[in-house]
1. Can you name every residue in the range 26-53 that is near the ligand (Cβ under 10 Å from one of its atoms) and of a type in the set (Gly, Ala, Ser)?
2. Of the residues 120, 96, 62, only one is under 20 Å from residue 15 (Cβ atoms) and among the charged types (D, E, K, R); which?
3. Which members of the range 101-116 meet the condition of being assigned to a helix (DSSP H, G or I) and in contact (Cβ under 8 Å) with a residue 40 or more places away in the chain?
4. Among (1) in a helix (DSSP H, G or I); (2) surrounded by fewer than 18 Cβ atoms within 10 Å (Cβ to Cβ); (3) within 16 Å of the ligand (Cβ to nearest atom), where does residue 85 come up short?
5. Can you name the condition, by its number, that residue 43 falls short on among (1) under 21 Å from residue 98 (Cα atoms); (2) not in a loop (DSSP other than H, G, I, E, B)?
6. Taking the residues in the range 1-18 that are in contact (Cβ under 8 Å) with a residue 12 or more places away in the chain and not aliphatic (A, V, I, L, M) as candidates, determine which candidate is farthest from the ligand (Cβ to nearest atom).
7. Residues of the range 100-118 being of a type outside the set (Gly, Ala, Ser) and either farther than 16 Å from residue 52 by Cβ or exposed (fewer than 11 other Cβ atoms within 10 Å of the Cβ) (or both), which ones?
8. Which condition number does residue 91 fail, the rest of (1) touching a residue at least 60 places away in the same chain (Cβ under 8 Å); (2) over 22 Å from residue 111 (Cβ atoms) being met?
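No lab work stands behind these numbers, since they all come straight from the coordinates. Model, not experiment: these values are computed from the prediction. Note: ideal-geometry Cβ built from the backbone for every residue, glycine included; neighbour counts use all protein chains shown.
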Amino acid sequence: MHPYGAPSGAQRLVLAMDRDGPFCVWCSREFSDLVRPTREHVVPRVKGGPSIPENEVAACARCNRERGHASPVQWLDEVVARGRTPRPEVLEASLRRLADHIERHGGLRRIRGYLATELRKLDKR
Ligand SMILES: [Zn+2]
């Protein structure tokens, strides 16, 4: 898919939609001209979350913008409170892929604690 280097942001968005389906992770709306897909960093960039497929899912522009820097599980609960129907299984799969990635390749020390906390919060939901 990307013979000449790492996939671009646009390619990673397509990858996320191929993997998870064409629906927003936070509200389950299907993407269209009116519901524009964006790349959503599961661990936010400001918290050290990398721009790699393991840390990215597709979210609509509205949900992505409104989330700000909320943690993934905090925002999951918030969208439910707002009456939206999120896709927790997609979020959980992404967090586990990222944890596996770190397990296999090391690095990303800054987000390990954050990631472990989010996975614990998911288990308690
Ligand atoms: Zn949405």
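1. 28
2. Details: 120 fails: under 20 Å from residue 15 (Cβ atoms); 62 fails: under 20 Å from residue 15 (Cβ atoms).
The unique qualifying residue is 96.
3. Within the range 101-116, 101, 110, 111, 114, 115 meet the criteria.
4. (1)
5. Evaluating residue 43 over (1) under 21 Å from residue 98 (Cα atoms); (2) not in a loop (DSSP other than H, G, I, E, B) leaves (2) as the failure.
6. Restricting to residues being in contact (Cβ under 8 Å) with a residue 12 or more places away in the chain and not aliphatic (A, V, I, L, M), the top hit is 7.
7. Step one: of the range 100-118, the residues of a type outside the set (Gly, Ala, Ser) are 100-105, 108-112, 114-115, 117-118.
Result: 103, 104, 105, 109, 117, 118.
8. (2)
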